[in-house]
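Sending over a structure as structure tokens; questions will come in a sec.
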Amino acid sequence: MASNGIIPFQVSMLNNINYENWSIKMKALLEVQDIWEMVEKGYNESQDESNLSQAEKDSLRDSRKRDKKALYLIFQGLDDEAFEKISNVKSAKVARKKLQTSYNGAEQVKKVHLQILRGEFEALHMK
């Protein structure tokens with residue numbers, strides 16, 4: 001471990017078959033970095049900062065920084081194909097939602113296709 005208290009880590013790469021495992025590992029990494037909340041809940045972006053107190057401005061700046069850190073770590077765990085799916089997002093929360101929709105949807109399609117093939121196999125086997 002580094003002497004400055006930083007824990008080195010390796011980000012798992014997301015591919016077409018490991019979304020569930022990748023998401024568990026990514027959640028753990030983001031929790032260790034104390035930024036999972038940004039991915040799960042996001043933050044309220046102020047439209048007009050001129051009406052905010054200095055404490056509110058500081059809090060907003062901190063939230064933006066934590067969100068970008070989470071988004072950066074998510075980007076680091078993506079291959080080029082997955083990155084292209086979310087490269088235009090502006091927040092970690094939106095990135096997570098897009099990845100969930102993309103990969104969970106694909107997984108459900110695979111399961112349905114497998115069930116169809118199983119049924120066809122059983123029908124052939126019975127003939």
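Would you mention how many residues in the range 20-43 are under 11 Å from D67 (Cβ atoms) and outside any helix (DSSP H, G or I)?
4
Could you run through the range 23-37 and say how many residues are surrounded by fewer than 17 Cβ atoms within 10 Å (Cβ to Cβ) and of a type in the set (A, V, I, L, M, F, W, C)?
Going through the range 23-37 one residue at a time, the tally reaches 3.
Next up: Return the residues of the range 65-82 that are exposed (fewer than 15 other Cβ atoms within 10 Å of the Cβ) and in a helix (DSSP H, G or I); say none if nothing qualifies.
If the condition is that a residue be exposed (fewer than 15 other Cβ atoms within 10 Å of the Cβ) and in a helix (DSSP H, G or I), then K65, Y72, D80, E81 are the ones that fit.
Is it the case that D79 is at pLDDT 90 or above and in contact with a Lys or Arg (Cβ under 9 Å, 6 or more places away or on another chain)?
No; evaluated as a whole, the condition is false for this residue.
Residues of the range 38-64 being without any contact (Cβ under 8 Å) to a residue 24 or more places away in the chain and surrounded by 13 or more Cβ atoms within 10 Å (Cβ to Cβ), which ones?
Selection gives S46, L52, K57, S59, L60, R64.
What's the total number of residues in the range 41-60 that are of a type in the set (K, R) and modelled with pLDDT under 95?
Selection size over the range 41-60: 1.
Name the one entry in L73, L99, L14, L29 that is among the hydrophobic types (A, V, I, L, M, F, W, C) and free of Cβ contacts under 8 Å to residues at least 60 places away in the same chain.
L29
The values are calculated or read from the model by the stated rules, or taken from the named source; none is laboratory data. The shown structure was predicted, so the numbers you read here are calculated from the model rather than taken from an experiment. Reconstructed Cβ throughout: ideal geometry from the backbone, glycine too, with neighbour counts over all protein chains shown.
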